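Take a look at the structure below.
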Ligand code: AVJ
């Protein structure tokens, strides 16, 4: 496999595979209908997301990268030396690379990722870049507590730093986010810390533009969910029959993304027929934008405290250091 040439050690907790058909049938049976944004990220969807991060309106990735670049030395001094870095998910690796470069003598790196393929690919890349850091990838669902592999004997016991950038937390509902943060607290342990990236509440026009880019990449990203369902579960969604719409519901603190039915139509999934009225909106994603007080209350519910905060100069995006 991809790790054969490295001294990386894979732990496979055999996360239960996604039930895309079951989840789609359940979501289409709800009123209002919904589909889960976790299914956006097939190969095409992951490429489209990378493309979104290059759109002028999509500030999140650029602002977070600049914030990391500006603050990593301060962050490294704050979190301390010889950490076991645990990343939730394994993205393009650019932020991880910057973090691992800046920390003082990090001992081990554990990406936790449900897709074995993505996990092995990103670990192999980082193993080559950081030969001195023990690579301990874990194939697991990070929304549950994850027993961490121990860095090799001789290193002693090390504090854990969970790294969860990209405002991925924002895609979970409030209840799901509390559950995830409780699991994170269990995973990091009593001496653990977490560095979490969050998109912040701001002028709704700026936020809405980021999710309705002029080039239509986000719309293509949203539509790709239907392409994927048609391919993988044999549904017959008419791609031209649905329109992308993303609205900032400030009272609920989140972007709500919908596919809106352009006309009355039926969609068949696994022999079951689902009717869409003209103008009917099916939710496909939430992306939460936090206020300072709202985020503090959220983490408090999970038994965590915000101990340090770093924002970009416009207060658009933030990094929060959490501890039990
Ligand atoms: C990958 C969760 C950071 O919510 O901003 C981008 C996904 N959706 N445009 C986000 C996304 C539409 C993105 N995250």
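The values are calculated or read from the model by the stated rules, or taken from the named source; none is laboratory data. Please read these numbers as outputs of a predicted model, since none were measured by experiment. Backbone-built Cβ (ideal geometry, glycine too); neighbour counts: all protein chains shown.
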Test: residue 285 is within 16 Å of the ligand (Cβ to nearest atom) and in contact with a strand residue (DSSP E or B) (Cβ under 8 Å, 6 or more places away or on another chain): yes
Please work out which one of (1) under 21 Å from residue 318 (Cβ atoms); (2) away from the ligand (no atom under 15 Å from the Cβ) is the condition residue 253 fails and give its number. (2)
Can you spot a residue in region 139-157 that is within 16 Å of the ligand (Cβ to nearest atom) and under 21 Å from residue 71 (Cβ atoms)? no
Every residue in region 196-236 that is more than 18 Å from residue 62 (Cβ to Cβ), within 15 Å of the ligand (Cβ to nearest atom) and not in a helix (DSSP H, G or I), please. 196, 201, 216
Outside any strand (DSSP E or B), surrounded by 15 or more Cβ atoms within 10 Å (Cβ to Cβ) and more than 15 Å from the ligand (Cβ to nearest atom): does that describe residue 274? no
Looking only at residues in region 163-195 that are assigned to a strand (DSSP E or B) and away from the ligand (no atom under 13 Å from the Cβ), which one is farthest from residue 63 (Cα to Cα)? 193
I'd like the residue in region 28-82 that is under 22 Å from residue 109 (Cα atoms) and assigned to a loop (DSSP other than H, G, I, E, B) and, out of all such residues, is nearest to the ligand (Cβ to nearest atom). 80
Boolean, residue 11 is surrounded by fewer than 16 Cβ atoms within 10 Å (Cβ to Cβ), within 16 Å of the ligand (Cβ to nearest atom) and modelled with pLDDT of 95 or more: no
Which one of these is in a strand (DSSP E or B), more than 15 Å from the ligand (Cβ to nearest atom) and surrounded by 13 or more Cβ atoms within 10 Å (Cβ to Cβ): 267, 299? 267
